[in-house]
1. Is it the case that the range 287-296 has a residue that's within 16 Å of the chain's Cα centre (by Cα), in contact (Cβ under 8 Å) with a residue 40 or more places away in the chain and open to solvent by less than 30 Å² (accessible area, probe 1.4 Å)?
2. Could you please give the count of residues in the range 308-320 that are part of a loop (DSSP other than H, G, I, E, B) and open to solvent by 20 Å² or more (accessible area, probe 1.4 Å)?
3. Go through (1) more than 23 Å from Gly165 (Cβ to Cβ); (2) open to solvent by 50 Å² or more (accessible area, probe 1.4 Å); (3) not in a loop (DSSP other than H, G, I, E, B) and name the single condition Thr97 misses.
4. Give me a count of the residues in the range 336-382 that are open to solvent by 20 Å² or more (accessible area, probe 1.4 Å), outside any loop (DSSP other than H, G, I, E, B) and at pLDDT below 95.
5. Among (1) over 24 Å from Asp203 (Cα atoms); (2) under 18 Å from the mean Cα position of the chain (by Cα), there is one condition Leu283 misses while meeting the rest; what is its number?
6. Scan the range 188-232 for residues that are among the charged types (D, E, K, R), at pLDDT below 50 and touching a Leu at 6+ places or on another chain (Cβ under 8 Å) and report the count.
7. If you check every pair at least six apart or on different chains, which have Cβ atoms under 8 Å apart with a residue in the range 371-382 that is farther than 12 Å from Gly359 by Cα first and a residue that is among the basic types (Lys, Arg) second?
Amino acid sequence: MNVDIVPGIYVSPELSAHCEWLRASNIRSRPGEILGSGSASSGVLRVAILPTDVAVVTSLGCGTWTLESPASDPPPWDSTFSWRNQPTMLSSSTDHTCALRPDMTVVCWGSDVYDQSSPEKLRNEEDEPLPPEELLFTSISAGGFHTCGLRPDRTLLCWGDDSEGQSTPLVRAYGDLFVSVDSGTLHSCALRRDGVPFCWGSDGPELAGVPTPTPVGRETSDWDGLRRSMPPPNQLFDLIDSGGQHTCAIRGDGTAICWGDARYGQTSPPEGATFTSISAGGLHTCAIDTNGAAVCWGSDEMGQASPPQGVNFSAISSGVRHTCALRSDGAAVCWGSDAQGQASPPDPDARYAAISSGGVHTCALKVDGTAVCWGLDAYGQASPPEGERFAVGRTGVETAEPAS
């Protein structure tokens, strides 16, 4: 089989199996161009832009991908950071969902009781509306009742409920520059360019009146307590994900570590396993191992931690009591609670570029940038705005270079 790669694309060897998507970098696609060429009948691999800062290659028989490129050149690949750390273009939470347009503006829908869906309401210290240029984002993450985003200059901005400090990144005082941010129910976490984690928000010894299952302290042995917004010391990560009451992260060698509420085993990844992605849910955690299989641990009372076997996945997202993932051919697969249809993708033949499990709903991005949601829609969280097309590749302007 031949491989036809657009000049300037470098294909990384981290993932290499039939129908698995290989990461690539240095994308230089311009308006109107399609990355890749050939067809299934010609035995040529095709390249598509997915909701990451990388390109994707699919092998023969895994589907034909044609996708419009972003409005302008994506930012350059940051070779100093792991390929696992990828921007989030779509994020579903308890009762709201957010997504990024190719021009880096954010659109949210669903509950707005704490203004978590309305970044345009943010004001500066002079009580003036933030100018539009300060509301551009390269990655977005919807939390319980708050939202956080990573801006083009690699600074953080959060809005919505701040009752536990989850919308007030303490890192702002230090002038740090970041490569990712992820919002949990009452806390948020971000990774600095060098892999150092920062978290803020709920970090108390009790949660909803439930005593901490183990003593909470600053010692290493106490990290299985409820200190979900305080990362373990002296650790560097490639990826971090905030859940309901716990947080999980992946180290550079692919091993996972979790901390926070440990009552249901959600902070105990299998020993010796290595992963390419991880997603902390309500009381469970799911990840994709280096063979492409889904692996879950923690609460399984609704089957949310029992993924299908013998399937290769490219993306995974844990909700409160359900989990959804994308097969290596882009099809959506869900398991766990389906009381509101949150685990029943409406079109089994559809192919998606991203998927995100919320509280009792799920949203996904088709490869043409349109959003599709299913499940509970009591607050409009499963009703994306009509006529919108969202970013399915890196957003479209250069990011600021880090300070020297």
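1. No.
2. 6
3. It fails just one condition, (2).
4. So the answer is 1.
5. (1)
6. 1
7. That search, which allows pairs on different chains as well, returns Val372/Lys366.
Per-residue answers, yes or no, for (1) of a type in the set (S, T, N, Q); (2) at pLDDT below 95; (3) more than 29 Å from Val392 (Cα to Cα); (4) not in a strand (DSSP E or B):
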site	(1), (2), (3), (4)
Asn234	yes, yes, yes, yes
Gly252	no, yes, no, yes
Arg263	no, yes, yes, yes
Thr276	yes, yes, no, no
Ala287	no, no, no, no
Ala305	no, no, no, yes
Leu326	no, yes, no, no
Gly330	no, yes, no, yes
Cys334	no, no, no, no
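The values are calculated or read from the model by the stated rules, or taken from the named source; none is laboratory data. Since we're looking at a predicted model, the values are computed, not measured. Here Cβ is always computed from backbone atoms with ideal geometry, including for glycine, and neighbour counts include all displayed protein chains. All accessible areas refer to the heavy atoms of the entire protein, side chains included, with ligands and DNA or RNA removed. Shrake-Rupley method; radii C 1.70, N 1.55, O 1.52, S 1.80 Å.
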